[in-house]
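All remarks here apply to the structure that follows.
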Amino acid sequence: MQIGVLALQGAFREHIMTLEALGVEAEAIRKPEQLAACSGLIIPGGESTAIAKLMSAYGFYDPIAQHHEAGLAVWGTCAGAILVAREIVDTVPGQRGLELMDIVVRRNAFGRQVDSFEANLHVSGIEGDVFRGVFIRAPWIESVGPDVEVLAKHDRHIVAARQGDLMATVFHPELTGDPRLHAYFVEDVVGSPRQ
Ligand code: GLN
């Protein structure tokens with residue numbers, strides 16, 4: 001099984017390292033043609049407006065949607081969570097997302113860079129200790145549709161959610177060296193039925 005990590009901008013290297021530490025084959029995705037070999041795709045944190053521009057320039061929008069229709073699981077982290085959302089609130093005019101997951105995401109909701117923080121999270125489906133969440137100019141998930149399972153909250157705000165083979169986390173699970181969310185994506189989310 002190969003997991004692709006969209007490698008246009010942002011923290012893609014750390015995702016690849018975390019997957020490789022789990023023994024999972026990981027590929028930096030720079031062209032849409034590479035998606036065909038993947039069972040799952042991670043869209044990393046970074047700057048969602050920059051990633052969106054590059055996705056458009058490299059022609060990723062339709063291929064990601066088509067591969068998702070054909071079974072590609074998708075996990076968006078932070079900026080990636082913004083890009084998988086059905087609706088983005090408080091964004092720049094014209095920013096377009098992939099509109100894959102039935103969630104509404106508010107950009108920079110937890111404040112500006114100076115307000116970045118870490119917090120211990122209880123994530124449903126993750127066994128053991130709390131999960132350390134690193135929030136960097138993080139969005140939050142403002143609302144979810146009926147088929148979406150809330151996986152974690154911080155301060156009453158939804159910070160992780162799942163809809164079948166789609167997942168969104170607004171923090172950076174690739175920066176802490178804790179591979180449990182990556183293992184959950186690979187073992188539980190990839191290959192699960194469409195909702
Ligand atoms: N605030 C960023 C954006 O809107 C996301 C930050 C991040 O990915 N850490 O794209």
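Laboratory data are not the source of any read-out in this text; all were calculated from the coordinates shown. Note that the structure is a prediction, hence the values are computed from the model and not measured. Using ideal geometry, Cβ is built from the backbone for each residue, glycine included, and neighbour counts are taken over all protein chains shown.
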| task | Grab the strands (runs of 3 or more DSSP E) fully contained in the stretch 80-152, keeping just those with 1 or more residues being surrounded by fewer than 18 Cβ atoms within 10 Å (Cβ to Cβ), away from the ligand (no atom under 16 Å from the Cβ) and of a type in the set (Gly, Ala, Ser). | result | 140-144
| message | Based on this model, can you work out whether VAL190 counts as within 16 Å of the ligand (Cβ to nearest atom), hydrophobic (A, V, I, L, M, F, W, C) and closer than 26 Å to TYR61 by Cβ? | response | no
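Here's the yes/no breakdown for (1) among the polar types (S, T, N, Q); (2) farther than 18 Å from THR77 by Cα:
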residue: HIS15; (1), (2): no, no
residue: LEU19; (1), (2): no, no
residue: GLY23; (1), (2): no, yes
residue: ALA26; (1), (2): no, no
residue: ALA37; (1), (2): no, yes
residue: PRO44; (1), (2): no, no
residue: THR49; (1), (2): yes, no
residue: ALA52; (1), (2): no, no
residue: PHE60; (1), (2): no, no
| field | Check on GLY164, under 22 Å from LEU19 (Cβ atoms) and more than 16 Å from the ligand (Cβ to nearest atom) | value | yes
| Flag if THR77 is surrounded by 23 or more Cβ atoms within 10 Å (Cβ to Cβ), within 11 Å of the ligand (Cβ to nearest atom), closer than 20 Å to LEU166 by Cβ and β-branched (Val, Ile, Thr) | yes
| field | Total residues in the stretch 65-74, condition free of Cβ contacts under 8 Å to residues at least 24 places away in the same chain and either of a type in the set (Gly, Ala, Ser) or crowded, with 17+ Cβ neighbours inside 10 Å (or both) | value | 1
| query | Of all residues in the stretch 2-30 being outside any strand (DSSP E or B), free of Cβ contacts under 8 Å to residues at least 60 places away in the same chain and touching a helix residue (DSSP H, G or I) at 6+ places or on another chain (Cβ under 9 Å), which is nearest to PHE135 (Cα to Cα)? | reply | GLN9
